[in-house]
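First comes the structure, then the notes that go with it.
The values are calculated or read from the model by the stated rules, or taken from the named source; none is laboratory data. Here the structure is a predicted model, which is why all the values come from computation and not from measurement. Glycine also receives a Cβ, built like all others from the backbone with ideal geometry; neighbour counts cover every protein chain displayed. Note: areas computed on protein heavy atoms with side chains; ligands, DNA, RNA excluded. Shrake-Rupley method; radii C 1.70, N 1.55, O 1.52, S 1.80 Å.
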Amino acid sequence: MASVTFDHATRTYPGTDRPAVNDLNLHIEDGEFLVLVGPSGCGKSTSLRMLAGLEDVNSGRILIGDRDVTNVQPKDRDIAMVFQNYALYPHMTVAENMGFALKIAGVDKAEIKKRVEEAAKILDLTDYLERKPKALSGGQRQRVAMGRAIVRQPQVFLMDEPLSNLDAKLRVQTRTQIASLQRRLGVTTVYVTHDQTEALTMGDRIAVLKDGYLQQVGTPREMYDTPANVFVAGFIGSPAMNIGTFNVTDDVALIGGSRVPLPSYVLGQAAAAGNKITIGFRPEALDIVPAEDSGAIPVYVNLVEELGSDAFVYGTLATEAGADQVVPQGQEVIVRVNPRAVPEKGSVINVKIRPGQEHIFNAETGERIASA
Ligand SMILES: Nc1ncnc2c1ncn2[C@@H]1O[C@H](COP(=O)(O)OP(=O)(O)OP(=O)(O)O)[C@@H](O)[C@H]1O
Ligand SMILES: [Mg+2]
């Protein structure tokens, strides 16, 4: 097993003028499960393919353990990949599919059999070894694809959206299986997804990419509690964080006609950014309060989404937009409410941000303003 290091790794595709992955620095610990996440086109697959040796690195280096593999052939990197389209060979049995790479590599028959049987046991496929892929469910096929990677006993697993062909329920089941399997095997894993829920639930750490740039790396808790910028704040968490840019006067932010006091450490940066501040608050960071509470923000209820254990109000800031408000009127606000006492559609509720649960960003740079 081994760690993985991206050291200023950059990839610019021929004929394009902007790197798909730009100066990526990322160290993944031995045995760690790291999730690379970000919107479509942000450079996730390119990063993974550079690590696999399937894509040239134009500048910088890739290391597996202490070994610089930047110019090493893919087959000599001791990695195994699981792709979204993990086409199994239809004419081969499950056992033959799983052992195929080893057969090509000239591993002897008894050893192949042993490794395939071990992997099948781990993946709960023992009863299916003699079946053909067409006689398997989607989830079982996905596990065979995992099995093909496991039997190779690589130093690093690379997975690129391996669950995206599964239906929603199976995806939830399989993501738990993959995460616990990885913990059991202890093999360093880099896992690519565009789904922030998968990232939060599976990763030891999450790395968020946007437009080829790494935005932030951290544990799921760190990413959720202290997003480094507006992009990460809006990307991690579902429903998404409420984020708006507001005018600042007399040390208060004007939110939908309400005056919300600001902590003193942000005032300097607000002044420098033209007396504007960007504030984020998660749906669960809002309390419903009486209208006469100071700082109460009126929200017009457009829709209530009831999920059984939770309920969310989708509303808009109810007060007329004054000249002092930067956000366009009608900005959506999402509020988590007691599922046993949901407000009526068309009514107005008043909310207040729980003290200390606001996220404050520089209105010009979008960077988090630290409280220190
Ligand atoms: N072979 C290529 N030639 C030119 N540009 C490419 C090539 N492959 C990818 N790109 C571009 O590089 C950028 C990053 O692509 P990449 O496939 O890494 O994105 P991704 O994050 O995996 O997206 P998705 O979630 O859609 O799979 C995109 O803008 C894409 O259009
Ligand atoms: Mg991709």
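Here are some notes:
- Kirkwood hydrodynamic radius over Cα pairs of the chain, then Stokes diffusion coefficient at 37 °C and 0.692 mPa s, in µm²/s: 141
- Protein accessible area in the chain, 1.4 Å probe - carbon and sulfur %: 49
- Placing a label point 7 Å from the Cα of ILE122 along the Cα-to-Cβ direction, the residues of the range 93-109 whose backbone N falls under 15 Å of that point are 98-99, 102.
- The calculated Kirkwood hydrodynamic radius for the range 185-289 is 15.7 Å, given to one decimal from all distinct C-alpha pairs.
- Gain on full extension, evaluated as 0.36 nm per residue between ASP30 and SER238 minus their Cα-Cα distance, stands at 71.9 nm.
- Computed from the Cβ-Cβ distance with R0 of 45 Å, the FRET efficiency linking ASP225 to LYS134 stands at 0.45.
- Of GLN140, GLN173, GLN215, the one that fluctuates the most in a GNM where the chain has Cα springs shorter than 10 Å: GLN173
- Multiplying the residue separation of VAL172 and VAL289 by 0.36 nm and subtracting their alpha-carbon distance yields 38.5 nm.
- Every helix of 4 or more DSSP H residues in the chain counts as -39500 (n - 2.57), and over all residues that averages to -7000 deg cm²/dmol at 222 nm.
- Placing +1 on each Lys and Arg Cβ and -1 on each Asp and Glu Cβ, with no other charges, gives the chain a dipole about its Cα centre of roughly 1520 debye.
- Computed over protein heavy atoms with a 1.4 Å probe, the accessible surface of the range 242-362 works out to 48 Å² per residue.
- Highest-fluctuation residue, ALA168, ALA95, ALA233 considered, GNM on the chain with Cα pairs under 10 Å: ALA168
- DSSP-defined antiparallel bridges as percent of all bridges, the chain, nearest 5: 75
- Note on the chain: with a GNM built from Cα contacts shorter than 10 Å, the maximum mean-square fluctuation among VAL35, VAL252, VAL232 falls on VAL252.
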